[in-house]
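What follows is a set of notes on a single structure, which appears directly below.
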Amino acid sequence: MDSETKKQVRIEDVNDDKKITVTAKDLKIVLSILSAGASRGLFKPEEFSLIGELNDNVKKSLTDKD
């Protein structure tokens, strides 16, 4: 399926309680983006608590035992 025919999903429409599976590699990429963005001043001060929560949740997911 090429990118022009893929259904677009609005992030606001995704149920927050929906369970999904992502790879550890994907979570590591998210952490790298957060770290790089924070070091470059990408986030506004009022966004820090949300970014911190995401960072903590991703790290917890990576360290949880199966």
Lysine-lysine proximity count for the chain, Cα under 19 Å, sequence distance 8 or more or distinct chains: 12
Estimated inter-spin distance, residue 11 and residue 27, nm [label 7 Å along Cα→Cβ]: 1.9
Distance histogram for the chain (every C-alpha pair counted, 10 angstrom bins, percent rounded to whole numbers): 16, 38, 36, 11
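Quick check: residue separation of residue 20 and residue 43 times 0.36 nm, minus the Cα distance between them. What number comes out in nm?
5.7 nm
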Signed unit charges on C-beta, dipole axis of the chain, positive-most listed residue 41, 52, 62: 62
Residue 14 accessible area, assembled protein chains, probe 1.4 Å, Å²: 60
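The values are calculated or read from the model by the stated rules, or taken from the named source; none is laboratory data. Everything numeric in this text was worked out from a predicted model, so none of it was measured. Glycine also receives a Cβ, built like all others from the backbone with ideal geometry; neighbour counts cover every protein chain displayed. Note: areas computed on protein heavy atoms with side chains; ligands, DNA, RNA excluded. Shrake-Rupley method; radii C 1.70, N 1.55, O 1.52, S 1.80 Å.
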